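Okay, so here's the structure we're looking at.
The values are calculated or read from the model by the stated rules, or taken from the named source; none is laboratory data. As the structure is a computational prediction, the values presented were derived from the model and not from experiment. So basically every Cβ, Gly included, is an ideal-geometry build from the backbone, and we count neighbours across all protein chains shown. Quick note on the areas: whole protein, heavy atoms, side chains included, nothing else; ligands and nucleic acids left out. Shrake-Rupley method; radii C 1.70, N 1.55, O 1.52, S 1.80 Å.
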Amino acid sequence: MLNQQTFQFEKVSAIKVSEFIREQLEEAIILKEMLSEDQLPSERELAEIFNASRITVREALSVLEAKGLIEKRVGAKGGTFILPITANAYKRTKEEIMRDWDQMLHVFEYRTIVEPEGAFLAAERITAGELELLERYIEQSVQPDCSREWFRALDVKFHLTIAKASGNPYVESAVRQIRTKINPALDLMPYNEHVRSLNQGVHREILEALKAHDPARSRDTLKKHIAFSADAIYSRLVSPEQQEGNEQ
């Protein structure tokens with residue numbers, strides 16, 4: 001007879017097909033792989049992509065619309081469009097994040113373990129093309145016409161590129177999971193010249209360490225960056241009024 005004290009099974013949890021579709025679309029939106037004003041494929045096309053019925057796709061889209069992530073528009077130029085996440089993040093996520101702050105701390109702890117070690121590996125394996133991508137993301141983030149939404153997207157691209165450069169698909173998958181959890185909180189951060197300059201500086205330090213193929217420096221620099229981000233998010237949630245005057 002099995003000794004149940006030595007292990008614990010999880011109860012079966014049936015996931016609806018519409019929930020599976022919703023999760024994939026929401027991840028792509030939160031990771032900013034689809035940006036504000038991008039148009040989603042039609043219901044018919046999405047049904048073909050996911051090999052599901054149009055009714056199931058419509059159910060998934062309804063949930064995303066209720067969350068304020070997409071908007072259906074009618075008319076000659078109608079369709080389903082991505083809404084600007086950063087512009088609405090404060091109203092949509094502040095209470096939710098504060099309510100689940102203990103869980104968010106676990107995510108930050110997990111991030112502190114995974115991402116720096118991913119950077120350690122990336123310093124040894126990163127390609128010239130990936131270094132060029134990181135350089136381009138930094139340069140674009142300080143352009144005068146860089147919008148808040150695009151700035152946040154570039155930050156995600158920067159970190160996901162490093163994860164991919166680790167050469168380990170498990171690290172890349174873990175970082176995607178982490179970013180899906182923390183991006184709504186990072187979207188609460190103010191957007192101004194000081195933030196842009198600070199972000200450029202730390203990303204530049206990380207990039208220089210990667211260019212030097214210095215694993216230890218890459219890991220340590222990214223670890224400090226993650227700790228700073230966690231502190232900034234906490235401060236923003238505890239006393240958001242301190243930042244209100246600095247937002248654009």
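With the checklist (1) assigned to a loop (DSSP other than H, G, I, E, B); (2) of a type in the set (Gly, Ala, Ser); (3) out of contact with any Asp or Glu (no Cβ under 6 Å at 6 or more places or on another chain) in hand, flag the one item Ala119 doesn't pass.
(1)
Just for the range 220-240: of the residues that are open to solvent by less than 60 Å² (accessible area, probe 1.4 Å) and among the aliphatic types (A, V, I, L, M), which one is farthest from Leu186 (Cα to Cα)?
Across the range 220-240, the extreme among qualifying residues is Leu222.
Matching residues to (1) at pLDDT 90 or above; (2) closer than 26 Å to Leu154 by Cα; (3) out of contact with any His (no Cβ under 8 Å at 6 or more places or on another chain):
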position: Gln5; (1), (2), (3): no, no, yes
position: Val12; (1), (2), (3): no, no, yes
position: Glu27; (1), (2), (3): yes, yes, yes
position: Ile55; (1), (2), (3): yes, no, yes
position: Lys67; (1), (2), (3): no, yes, yes
position: Ile70; (1), (2), (3): yes, yes, yes
position: Ala87; (1), (2), (3): no, yes, yes
position: Ile97; (1), (2), (3): no, yes, yes
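I'd like the full set of residues that are hydrophobic (A, V, I, L, M, F, W, C) and farther than 19 Å from Ala209 by Cα, limited to the range 131-153.
Residues of the range 131-153 hydrophobic (A, V, I, L, M, F, W, C): 131, 133-134, 138, 142, 146, 150-151, 153.
Correct list: Val142, Cys146, Trp150, Phe151, Ala153.
Among the residues of the range 204-214, are any open to solvent by 20 Å² or more (accessible area, probe 1.4 Å), part of a helix (DSSP H, G or I) and more than 21 Å from Ala232 (Cβ to Cβ)?
Residues of the range 204-214 that are open to solvent by 20 Å² or more (accessible area, probe 1.4 Å), as a first pass: 204-205, 208, 211-214.
Cutting the leftovers down to part of a helix (DSSP H, G or I) gives us 204-205, 208, 211.
Among the residues that remain, those that are also more than 21 Å from Ala232 (Cβ to Cβ) are: 208, 211.
Yes, that holds for at least one residue.
Tally up the residues in the range 29-53 that are open to solvent by 80 Å² or more (accessible area, probe 1.4 Å) and farther than 22 Å from Gly68 by Cβ, please. If you could, list the steps in order and put the result at the bottom.
Here is the first cut: in the range 29-53, the residues open to solvent by 80 Å² or more (accessible area, probe 1.4 Å) are 33, 37, 39, 44, 48-49, 51.
Filter again for farther than 22 Å from Gly68 by Cβ, leaving 44, 48-49, 51.
The qualifying residues number 4.
With respect to Leu131, determine if the residue is modelled with pLDDT under 90 and surrounded by fewer than 20 Cβ atoms within 10 Å (Cβ to Cβ). It would help to see each step written out before you state the result.
Working: modelled with pLDDT under 90: no; surrounded by fewer than 20 Cβ atoms within 10 Å (Cβ to Cβ): yes.
So Leu131 fails the test.
Six or more apart or on different chains, Cβ atoms under 8 Å: show the pairs whose first residue is in the range 165-176 and surrounded by fewer than 20 Cβ atoms within 10 Å (Cβ to Cβ) and whose second is at pLDDT below 95 and charged (D, E, K, R).
Arg176/Glu27
Just checking, which of Arg152, Arg136, Arg217 is in contact with a Lys or Arg (Cβ under 8 Å, 6 or more places away or on another chain), open to solvent by 20 Å² or more (accessible area, probe 1.4 Å) and either modelled with pLDDT of 95 or more or part of a helix (DSSP H, G or I) (or both)?
Working: Arg136 fails: in contact with a Lys or Arg (Cβ under 8 Å, 6 or more places away or on another chain); Arg217 fails: in contact with a Lys or Arg (Cβ under 8 Å, 6 or more places away or on another chain).
Answer to the selection: Arg152.
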